Amino acid sequence: MDSEELHVVTGDRLVTDLTSPVERFCGRRGDGLVHVFVPHATAGVALLELGSGSEHDLAEALARLLPRDDRWRHRHGSVGHGGDHLLPAFVSPSLSIPVLAGRPALGTWQSIALVDPNTDNPDRRVRLSFLAG
């Protein structure tokens, strides 16, 4: 298995597009599976249509589901950070995607997105692993 770690700075963005780095990683390989894993307790990865308003819709849905207020028992960090720790229960910390001829077999409108509501820590690692078919 081949593996590589990406360093991603999210800043205050909820969604960061990982599609191009994943495509570059897969580009020198043939058929198989690419696994995308975020080793953080407050982030996940998702397949989304980016650039169409989905980022805003996701932000609104997460604000309803995981409000940024002081209701959380997990209380270190900024207000609402406890809810950030629940995100991986709803947005998985990993994805596996088929790779055909060195290209992730994504649907027409699918992009690979890092979802990270935690503005307390903008430095993220993303582990890409390739399992040849």
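Panel values: the chain, Kirkwood radius from alpha carbon pairs, Stokes-Einstein at 20 °C and 1.002 mPa s, translational diffusion coefficient 140 µm²/s.
Taking the beta-carbon count within 10 Å as an exposure proxy, list His7, His40, His35 from fewest neighbours to most. Display every interim value, and only then the final one.
Details: His7 8, His40 19, His35 16.
By the 10 Å Cβ count, ascending, the order reads His7, His35, His40.
When each of Glu49, Glu55, Glu4 is scored by the number of other beta-carbon atoms lying within 10 Å, the sequence from fewest to most is Glu4, Glu49, Glu55.
Placing a pseudo-label 7 Å from each Cα along the Cα-to-Cβ vector at Gln110 and Ala61 gives an inter-label distance of 1.6 nm. GNM on the chain, alpha-carbon springs under 10 angstrom: the most fluctuating residue among Pro67, Pro117, Pro93 is Pro67.
Quick note: the coordinates plus some simple rules give every number you see, no bench work behind them. Computed from a prediction, not measured in an experiment: that's the story for all the values here. All Cβ positions, even for glycine, are placed from backbone atoms using ideal geometry, and neighbour counts span all protein chains on display.
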